[in-house]
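A.B. asks: Got a structure for you, questions after.
The values are calculated or read from the model by the stated rules, or taken from the named source; none is laboratory data. The structure presented is a predicted model; accordingly, all values stated were derived computationally and were not measured. Cβ sites come from the backbone with ideal geometry, for glycine too, and all protein chains shown count toward neighbours.
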Amino acid sequence: DIDVVYIPPYYPQAKGKVERCIRTFVEEYLRLQKVFDSVADQTEDFVYWINNSRYHLGIYGYPADVYLRKQNVTDVT
């Protein structure tokens with residue numbers, strides 16, 4: 001279940017995860033659009049990479065690995 005939590009507007013301290021998501025998107029994706037023309041075509045690959053392949057310092061691992069561990073999945077082959 002996903003709980004809906006209402007937070008006050010214009011109060012970024014209450015939206016830490018959302019603010020960090022936006023910052024990561026700006027720093028790692030939008031910046032690349034200025035360098036490479038084809039980045040706009042690779043949005044889906046970027047989202048997959050962020051969610052599955054990028055090492056996450058907050059959880060000390062890869063998101064997909066952490067998720068599978070929580071689901072008690074030991075072999076994905």
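A.B. asks: Taking the options Ile2, Ile50, name whichever one is part of a helix (DSSP H, G or I) and either at pLDDT 80 or above or surrounded by 12 or more Cβ atoms within 10 Å (Cβ to Cβ) (or both).
C.D. replies: Going through Ile2, Ile50 in turn, the sole match is Ile50.
A.B. asks: Going residue by residue through the range 31-41, is there one that turns out to be assigned to a helix (DSSP H, G or I), loosely packed, with under 12 Cβ neighbours inside 10 Å, in contact with a helix residue (DSSP H, G or I) (Cβ under 9 Å, 6 or more places away or on another chain) and modelled with pLDDT of 75 or more?
C.D. replies: Checked against the condition, which is being assigned to a helix (DSSP H, G or I), loosely packed, with under 12 Cβ neighbours inside 10 Å, in contact with a helix residue (DSSP H, G or I) (Cβ under 9 Å, 6 or more places away or on another chain) and modelled with pLDDT of 75 or more, the range 31-41 yields no hits at all.
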